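Working notes, beginning with the structure itself.
The values are calculated or read from the model by the stated rules, or taken from the named source; none is laboratory data. Since we're looking at a predicted model, the values are computed, not measured. We place every Cβ from the backbone using ideal geometry, glycine too, and count neighbours over all the protein chains shown. Surface areas here come from the heavy atoms of the whole protein model, side chains and all, with no ligands, DNA or RNA. Shrake-Rupley method; radii C 1.70, N 1.55, O 1.52, S 1.80 Å.
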Amino acid sequence: MSRSAFGGFGDAAVEFYDGLLADNSRAYWTDNRETYERDVRAPMLALLADLEPEFGPGKVFRPYRDVRFAADKTPYKTHCGGFAAPFYVEVGPDGLMAAAGYYVMAPDQVARYRTAVDDERRGEDLRERLVAAGADGLEVAGETLKTRPRGTDPDHPRLDLLRHKGLYVSRRWPPDDVLHGPRARDRVRTVWRAARPLAEWLADHVGPSEQPRR
């Protein structure tokens, strides 16, 4: 990973993705690859390196979409994501986003999650952590069931939490001058710190999937 100090995303980062939205093609990517490397990928690597002492080593997601089973065959992602699991950061045409949690849980993770939430002590602890994250300006999100999990009491005091199949907190900033300077790192660090209690709860009570990958 690059050890260059993070000085902000390049001036052309947002424009690069605006152009990719308009022309998601190999020709556009080839013509603008240098911009991606200079203004997007290199700063993302530097950002993750700066945050590594506190949050652990990070990686940058590949820019290519997996289109094998997708109806949309456009080849490139229209954002750049980096992570130091379970912490995540993204830059793209809509600006900057920082988040933490489990975007999608595998079936075995969902089972452990619901067992923990069903327990009053652990479930209410999670609610308190989410309330605190909200007070810090983070949005609670994640895919949920439209109804209740099978066999769940309709009057369960934590039914709203039991519906979750993914759970994370995040904050977004539209493109602005901060994106292109070192204070963007402060935004990400602040969100990750505020999200740490949720990350710790998930690590303690859910953990990574134990199911083999197909």
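The table below gives the values:
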item	result
By average C-beta atoms within 10 angstrom, highest first, the peptides 68-79, 185-196	185-196, 68-79
Fraction of alpha-carbon pairs over 13 Å apart in region 125-188 - percent	71
Ordering of 5-14, 150-159, 20-29 by packing [mean C-beta count within 10 Å, highest first]	5-14, 20-29, 150-159
Å² of accessible area per residue within the chain, as computed with a 1.4 Å probe and no ligands counted	56
Distance between region 147-214 and region 15-80 - C-alpha centres, whole angstrom	23
Dipole moment magnitude, nearest 20 debye, region 47-164 about Cα centre, only Lys, Arg, Asp, Glu C-beta charged	640
Quotient of C-alpha Rg and 2.2 N^0.38 Å, computed over region 81-134	1.41
Label of the coordinate-derived value, P(r) over Cα pairs in 10 Å bins from 0, in percent, listed as (i) 8, 32, 35, 21, 5, 0; (ii) 8, 30, 31, 22, 8, 1; (iii) 10, 37, 30, 16, 6, 1	(ii)
If the convex hull is drawn through the Cα atoms of region 94-214, its volume per residue in Å³	132
Most to least packed among 197-204, 87-94, 137-144 [average Cβ atoms within 10 Å]	87-94, 197-204, 137-144
Rg(Cα) / (2.2 N^0.38 Å) computed for region 32-73, rounded to two decimals	1.53
The chain: calculated mean residue ellipticity at 222 nm from DSSP helix runs of at least 4, using -39500 (n - 2.57)	-13000 deg cm²/dmol
Cβ-derived FRET efficiency at R0 30 Å, Phe69 paired with Thr147, nearest 0.05	0.65
Percent accessible area from carbon and sulfur atoms, the chain, protein chains only, probe 1.4 Å	48
